[in-house]
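Okay, so here's the structure we're looking at.
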Amino acid sequence: MEKRLIFVTSPPACGKTKLSKKLATELKHIVYLDKDTLIPLSKQIFAVAGEEYNRSSDFFEKEIRDYEYDVILDLAFEALRYADLVMVNAPFTREIRDDEYIKNLRAKLSEAGAKLTVIWVVTDPEVCHQRMIDRNSDRDTWKLEHWDEYLATVNFTIPENLRDPDDESSLILYHNSTDEMAAEDFKKLMDHFKDYN
C-alpha cells in the first residue's frame, strides 16, 4: 500500500480539526498529528521569555513558529516508518506556497517511499471569523481584536502550485462554508482514500 503524508491545511478556523478528526476516524493505518498539541510548549516559551502570549507577534515568528513546524514534520516522518498514512493538521501558511519547500519535501518523501497529499479547506473568511468568535480560544484574541489587520495578512486563495498533474490526490479541495458543502465533499474525499478504509 502506498504511503502518504497528508496535510490538512488552510487559514485558521476554516475547519481543519473537525475534518482531520473525522478522516482519522474513517481511515485505517493512519497516524494523526495536530500542530496545536505543541501550543502548551509554546506558551511556556512565552512565559519563560517574559513575553505576552501572542501567536501573531514578532517574537512568535522569530523564536517559535518555524520550530513548531520542524517538530511536527519530524514526528510525521518518524510515523511514516510504521504507518501507511500520516496526517498533519496545521496551517502551513507560508510553506505550501513555497515551491522550493514543496519540492524538497516531496523529494524527502520519495526517499521514504511516500507521496504528499494536501487537503485545502475552502471556507469563506466571514465564516472563519464567526468560528473564531464561537470557539473563544486565547490563540485568536489578537486576531479578533485586529480582524481587518489580520485578514490582510491571510491568503485564502487555493494553492494551485501544489497540484501535480501525475497525481490526482496531490491537491484535494474540501469546501466547508456550509454543512451541506462539507458533507458532499467528504464523500469525494473518501474516494481518494478508498484503499485505506
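The values are calculated or read from the model by the stated rules, or taken from the named source; none is laboratory data. Please read these numbers as outputs of a predicted model, since none were measured by experiment. With ideal geometry, Cβ positions are generated from the backbone for all residues, glycine too; neighbour counts draw on all protein chains shown.
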Are there any pairs with C-beta distances below 7 angstrom linking a residue in region 135-164 that is within 15 Å of PRO12 (Cβ to Cβ) to a residue that is of a type in the set (Gly, Ala, Ser), with the two at least 6 apart or on different chains, and if so which? TRP142/SER56; LYS143/SER56; TYR150/SER56
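Yes or no, residue by residue, for (1) out of contact with any Gly (no Cβ under 8 Å at 6 or more places or on another chain); (2) closer than 22 Å to VAL121 by Cα; (3) modelled with pLDDT under 95:
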position	(1), (2), (3)
PRO11	yes, yes, yes
LEU19	yes, yes, no
VAL31	yes, yes, no
ASP36	yes, yes, yes
GLN44	yes, no, no
ASP74	yes, no, no
Cross-chain or 6+ apart pairs with Cβ under 9 Å, region 62-90 first and without any contact (Cβ under 8 Å) to a residue 60 or more places away in the chain, then surrounded by fewer than 15 Cβ atoms within 10 Å (Cβ to Cβ) and of a type in the set (Val, Ile, Thr): ILE72/THR37
Looking at (1) over 16 Å from the mean Cα position of the chain (by Cα); (2) without any contact (Cβ under 8 Å) to a residue 12 or more places away in the chain, which is the one condition that is false for TYR101? (1)
Hits in region 1-26 - residues which are over 12 Å from the mean Cα position of the chain (by Cα) and assigned to a loop (DSSP other than H, G, I, E, B): MET1, GLU2
Please pick out the residue among GLU149, GLU184, GLU160, GLU180 that is loosely packed, with under 14 Cβ neighbours inside 10 Å, at pLDDT 90 or above, within 19 Å of the chain's Cα centre (by Cα) and among the acidic types (Asp, Glu). GLU160
From the residues in region 163-177 that are touching a Leu at 6+ places or on another chain (Cβ under 7 Å) and assigned to a strand (DSSP E or B), which one is surrounded by the most Cβ atoms within 10 Å (Cβ to Cβ)? TYR174
Flagged in region 27-42 as touching a helix residue (DSSP H, G or I) at 6+ places or on another chain (Cβ under 9 Å) and either free of Cβ contacts under 8 Å to residues at least 60 places away in the same chain or part of a helix (DSSP H, G or I) (or both), in numbering order, are VAL31, TYR32, LEU33, ASP34, LYS35, ASP36, THR37, LEU38, ILE39, LEU41, SER42
